[in-house]
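The values are calculated or read from the model by the stated rules, or taken from the named source; none is laboratory data. No experiment lies behind these values; they were computed from the predicted model shown. Cβ coordinates were reconstructed from backbone atoms using ideal geometry, including for glycine residues, and neighbour counts include every protein chain displayed. Quick note on the areas: whole protein, heavy atoms, side chains included, nothing else; ligands and nucleic acids left out. Shrake-Rupley method; radii C 1.70, N 1.55, O 1.52, S 1.80 Å.
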Amino acid sequence: MNIKNTISAFTTACKGLLLTLKHFFAIAKKRKSIDVKDDNYFSQQEGVVTVQYPKEKIPVPEVGRYQLHVEIDDCIVCDLCAKICPVDCIEIESIKGTGPLGQTSDGTVKRLHAAKFDIDMAKCLYCGLCTVVCPTECITMTNQYDRSVTQLSELTYKFSEMTPEEAEQKRQELAKQQADKQAAKEAAAKAKEGK
Amino acid sequence: MTNTTSQTPYKTRYEKLIAEAQSSEMILNMGPQHPSTHGVLRLELITDGEIVKEVIPHVGYLHRCFEKHAENLTYQQTIPFADRMDYLASMNNSHAWVMGVERMLGIDKEIPKRIEYIRVLVCELNRIGSHLIALGTYGIDIGAFTPFLWCFRDREHIMNMLEWASGSRMLYNYIWVGGLFFDLPVGFEERCKEFIDYFRPKMTELNELLTENQIFISRTANVGILPLDVAISYGCSGPMLRASGLKWDLRRVDEYSAYPELEFDIPVGSGKMGTTGDCWDRFKVRVDEIEQSVLMIEQCLERLMKDLKRTPDFDPRAKLPKKIIPKEQDFYLRAESPRGELGYYFITDGKSEIPKRVKARAPSFNNLHVISEISRGILIADLIAIIGSIDIVLGELDR
């Protein structure tokens, strides 16, 4: 039994070593990292597979779910993405506009200002639920990755183009409009009573 | 040393074991940062020289409150969290979760066949990936470095393909209640076929290098023998249980999803190199399961390319329910994950979109229990072989 085991150990080890030797000679070639969509994806079978990151990168398909991007011009500030987010990484503050604020690229009328649209990518779990609920498809996941920063706060991306002063101005405008409306209503009510 | 008197009640049996250790015995901490514990598992060993007297596993270092999260989020929002339980087999986790919710809603019969087949296809791809990690890291535990790199090289292709399909490499969020995130991309089936052609010879190479290697066999055969009755009484499942000789596969027993229409065998441990239920058997069952998964993928591809072809108007999200409110009930659903019986127990109140309580039965947790039973009186080096052969994923174990 022992002799048999020893012989078997010797032969199987030799087999394994020959196999690794075969692969050892294949390392003269370098295997390129090809996009999985490419028809030649499985044509190169041998060679070094190590990718010298960051000099070269594994190609990422377009559907890749990495960095979130918001096209704020298309956003109607409906808050649906913030509601579906499982980790609450999207923070939105809206101000009602004094009237229709123009249209998005697909023709939806915007009625709210986005005073704040912050996405904390440090919290994001890259599930992609927010991109599905968005009615105007303005929030998308891009295949960009590797956005390392030195400060944690830099991972909070601010997509709103409004400065705080502008937001304050819009708020005042809204307050003024509402006050005017209120005054008009009261005046109308008084006029009714007067009759 | 703890100085305790006989009146002091010990909180646990293990505290008593540690406190009453003989002076000739040594208490050895293995982990939580030990590379061969596959994560953050801490084992306390009571050793006498090289002999392990008792193994005490400590878990909870990777606890992420999955069940609490599930009580606070809707069913749809919990899918990414279910993915993160067993991060090596995310598809299988979300498949089980989604099936549970669909059965509660009663829409499981309305799911189109194409969606079912895509689900099975990606699940089996993911199962191969998960088993490749199990085999590769087992090699590294035993002292063979090359198979580990080869397994990771092949798994890389699976991850690339699944990224192409779902958009993410590991945590897919692909299988949704009532449908899928996306349909398969154009050309995926052909690429998958090419992968099978590529993968078959690689598996033969791996078998030649590792499975049939006498050094490997000597390290694993007759080590950590798990008798069938012990396996059943400890609630082991998956390859652990099958290696002990019982043909128990939930894909056949429960016949969920598209599995009843597929032909595949259930590999069981035979004790070819030693005793039934030893570490080599557990390894071999995983190797055979990869082969069966490859067969299943081929059958799925055949159907997906012939009678269940992609049509331009096919919408994988067409059947998504607007609001997921199951009626009031207690519901348990189990499915076969690469590690064994993965179950979700739901308690719903019939009013809200959020479950009242969710319990996840993780196969790794039950499989790990048995370790103190089967590793009494063995050598420390063999303990490493046993832990590797159980194939635990700590993310699932601690949830």
For the pair A and B, how large is the buried accessible area, both sides, in square angstrom to the nearest 100, if the probe is 1.4 Å?
-> 3300
Only Lys, Arg, Asp and Glu count, each charged at its Cβ (+1, +1, -1, -1), so figure out the dipole size of segment A:113-195 about its Cα centre, rounded to 20 debye.
-> 580
Taking 50 Å² as the minimum loss, tell me which residues in segment B:209-223 lose that much accessible area going from the chain by itself to the full protein complex (1.4 Å probe).
-> B:Gln214
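Net charge around B:Thr74, counting only other residues with Cβ within less than 14 Å of its Cβ (Lys, Arg = +1; Asp, Glu = -1)? Don't skip to the end; give the middle numbers.
Values: positive: A:Lys83, B:Lys322, B:Lys323, B:Lys351, B:Lys356; negative: A:Asp88, B:Glu71, B:Asp349, B:Glu353.
Counting the neighbours of B:Thr74, the net charge comes to +1.
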Which value, in Å to one decimal place, does the Kirkwood hydrodynamic radius take for segment B:48-159 when every pair of different Cα atoms is included?
-> 17.0
If you take the charge dipole of segment A:1-59 about its Cα centre, with +1 on Lys and Arg Cβ and -1 on Asp and Glu Cβ, which of A:Ala13, A:His23, A:Val48 is farthest toward its positive end?
-> A:Ala13
Derived scalar couplings ³J(HN,Hα) [segment B:141-155; Karplus, 6.51 cos²θ - 1.76 cosθ + 1.60; whole Hz; x for Gly, Pro] = 5, 7, x, 9, 8, 4, x, 4, 5, 5, 4, 5, 4, 6, 5
Student exercise, the protein assembly as shown dipole from Lys, Arg, Asp, Glu Cβ charges, in Debye to nearest 20 | 660
Peptides B:96-107, B:344-355 ordered by average Cβ neighbours within 10 Å, highest first | B:96-107, B:344-355
Among B:Tyr198, B:His157, A:Gly99, pick out the residue whose Cα is farthest towards the positive end of the charge dipole of the protein assembly as shown, where Lys and Arg carry +1 and Asp and Glu carry -1 on C-beta, about the Cα centre.
-> A:Gly99
Geometric extent, Cα atoms of the protein assembly as shown - Rg, Dmax (angstrom) | 28.5, 119
Taking 10 Å² as the minimum loss, tell me which residues in segment B:293-320 lose that much accessible area going from the chain by itself to the full protein complex (1.4 Å probe).
-> B:Arg317
Descending packing, highest mean Cβ count within 10 Å first, for A:184-191, A:47-54 is A:47-54, A:184-191
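Please find the FRET efficiency linking A:Gln151 to B:Asn72, where r is the Cβ-Cβ separation and R0 is fixed at 30 Å, and quote it to the nearest 0.05. Please report the intermediate quantities before stating the final value.
Values: r = 30 Å, r/R0 = 1.00.
Step by step, r from the Cβ atoms, then E = 0.50.
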What list of ³J(HN,Hα) values in whole Hz, one per residue of segment B:227-236 in order, does the Karplus curve 6.51 cos²θ - 1.76 cosθ + 1.60 (θ = phi - 60°) give from phi, with Gly and Pro shown as x?
-> x, 4, 5, 5, 4, 5, 6, 8, x, 5
A:Gln44-B:His58 FRET efficiency (beta carbon distance; Förster radius 41 Å; 0.05 resolution) | 0.35
HN-Hα J couplings of segment B:274-279 from phi, Karplus 6.51/-1.76/1.60, θ = phi - 60°, integer Hz, Gly and Pro as x?
-> x, 10, 5, x, 8, 4
Averaged over all viewing directions, the convex hull of the alpha carbons in segment B:277-399 casts a projected area in nm² of 11.5
Packing-based ranking, highest mean first, of A:173-183, B:181-191 given that Cβ atoms within 10 Å are counted | B:181-191, A:173-183
According to the Kirkwood expression over distinct Cα-Cα pairs, how big is the hydrodynamic radius of segment A:1-59, in Å?
-> 14.3
Here the alpha-carbon Rg of segment B:238-287 over 2.2 N^0.38 Å rounds to 1.21
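Over the whole of A:58-65, what's the average partner chain Cβ count within 10 Å per residue? Rounded to a whole number, please. Don't jump to the answer; show the numbers that get you there.
Values: counts 5, 1, 5, 8, 3, 9, 6, 9.
Per-residue shielding by partner chains comes out at 6.
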Please compute the Cα-Cα pair-distance distribution of segment B:98-254 with 10 Å bins starting at 0, giving whole percents from short to long.
-> 9, 28, 32, 23, 7, 0
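Where does segment B:95-174 land on Rg/Rh, using Cα atoms and the Kirkwood Rh? Mind dumping the intermediate values first?
Values: Rg = 16.0 Å, Rh = 14.3 Å.
That ratio equals 1.12.
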For B:Phe182 and B:Asp330, what is the calculated FRET efficiency with R₀ set at 22 Å and r taken between the beta-carbons, to the nearest 0.05?
-> 0.10
Just going by the charge dipole of chain B, with Lys and Arg at +1 and Asp and Glu at -1 on Cβ, which of B:Leu304, B:Leu43, B:Val294 is farthest out on the positive end?
-> B:Leu304
Starting from one equal scatterer on each C-alpha and no solvent at all, send me the Debye-based log10 I(q)/I(0) for segment A:120-172 at q = 0.28, 0.31 Å⁻¹, two decimals.
-> -1.13, -1.21
Which distance in Å, rounded to a whole number, links the C-alpha centroids of segment B:186-222 and segment A:155-195?
-> 69
Averaged across the residues of B:148-155, what count of C-beta atoms belonging to other chains lies within 10 Å of each residue's C-beta?
-> 1
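Compactness ratio of segment B:4-58: Cα Rg over 2.2 N^0.38 Å, N = residue count? Don't jump to the answer; show the numbers that get you there.
On the way: Rg = 12.6 Å, N = 55, 2.2 N^0.38 = 10.1 Å.
Against the empirical 2.2 N^0.38 Å value, I get 1.25 for segment B:4-58.
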When the accessible area of segment A:119-195 is computed with all protein chains present and a 1.4 Å probe, what percentage of it is carbon and sulfur?
-> 51
Projected onto their principal axes, the Cα atoms of chain B stretch, largest extent first, over whole-Å spans of 74, 53, 33
Does anything in segment A:117-146 have its amide N under 17 Å from the 7 Å Cα→Cβ label point of A:Lys158, and if so which residues?
-> A:117-122
Restricting attention to the alpha-carbon atoms of segment B:284-343, what are Rg (one decimal) and Dmax (integer), both in Å?
-> 17.5, 45
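Within segment B:66-398, what whole-number % of the accessible surface is contributed by carbon and sulfur, with the 1.4 Å probe and all protein chains included in the calculation? Could the numbers behind the result be given before it?
Working: 5920 of 11010 Å².
Here carbon and sulfur together make up 54 percent of the probe-accessible area.
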Two-site label geometry, B:Thr275 and A:Phe25: point separation in nm, points 7 Å out along Cα→Cβ = 4.5
May I ask for the distance between the Cα centers of segment B:346-374 and segment B:50-73, given as a whole number of Å?
-> 12
Suppose every K and R has +1 on its Cβ and every D and E has -1 on its Cβ; what is the size of the dipole of chain A about the Cα centre, in Debye to the nearest 20?
-> 720
Top to bottom by accessible area (1.4 Å), largest first, where do B:Glu44, B:Glu263 land?
-> B:Glu263, B:Glu44
Could you pull out every residue, at least 5 positions away or on a different chain, whose amide H is within less than 5 Å of the one on B:Arg357? Hs are placed 1.01 Å off N in the peptide plane, and Pro or chain starts have none.
-> B:Ile347
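In Å², what does the accessible area per residue of the protein assembly as shown work out to with a 1.4 Å probe?
Numbers: 27940 Å² over 594 residues.
Per-residue accessible area for the protein assembly as shown comes out at 47 Å².
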Check: C-alpha center segment A:28-104 vs C-alpha center segment B:88-131, spacing in Å is 25
Shielding of A:123-133 by other chains, given as the mean Cβ count within 10 Å, works out to 4
Using only the Cα atoms of segment A:1-148, what do you get for the radius of gyration and for Dmax, in Å?
-> 26.5, 93
